[in-house]
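Chemist: I'd like to ask some things about the structure below.
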Amino acid sequence: TEKLLAGIWQEVLGVRRVGLHDNFFDAGGHSLLAVRVVTRLDKALGVRLSQAIMVLQTLEQIAAECDRRR
């Protein structure tokens, strides 16, 4: 899940690398891009998240939340 999410973030943000402890918004994301990430996660994993989860959590925490909801 972490690798999948990292790949999505890299594509959406247009960056080469993201780390487990990176925050989406600190890495250059904004609300419209967060919607894209949430939509891709829903399609890839069948997990519905609110874009609000992206605000204060790291990639590692969001991936763990996806795993909990699967």
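The values are calculated or read from the model by the stated rules, or taken from the named source; none is laboratory data. Since we're looking at a predicted model, the values are computed, not measured. In this analysis, Cβ positions are derived from the backbone assuming ideal geometry, glycine residues included, and neighbour counts consider all displayed protein chains. Ligands, DNA and RNA are stripped out before the accessible areas are found, and what is left, the full protein with its side chains, is counted by its heavy atoms. Shrake-Rupley method; radii C 1.70, N 1.55, O 1.52, S 1.80 Å.
Chemist: On C-alpha positions alone, give me the angle between the axis of helix 59-69 and the longest principal axis of the chain, in degrees, nearest 10.
Modeler: 10
Chemist: When semi-axes √(5λ) of the Cα gyration tensor in Å is calculated directly from the model, which label among (1) 16, 12, 12; (2) 19, 16, 12; (3) 22, 15, 9 fits?
Modeler: Correct label, based on the coordinates given: (1).
Chemist: Sticking with this structure for a sec: Multiplying the sequence separation of S50 and Q10 by 0.36 nm and subtracting their Cα-Cα distance, what value in nm do you get?
Modeler: 12.4 nm
Chemist: In addition: Cα axis of helix 31-45 to longest principal axis of the chain: angle in degrees, 0 to 90, nearest 10?
Modeler: 40
Chemist: Right, something else. On the protein heavy atoms, probe 1.4 angstrom, tell me the percent of accessible surface of the chain carried by carbon and sulfur.
Modeler: On the chain, the fraction of accessible area on carbon and sulfur atoms equals 48 percent.
Chemist: Between R17 and V35, how many nm apart are label points set 7 Å from Cα along the C-beta direction?
Modeler: 3.2
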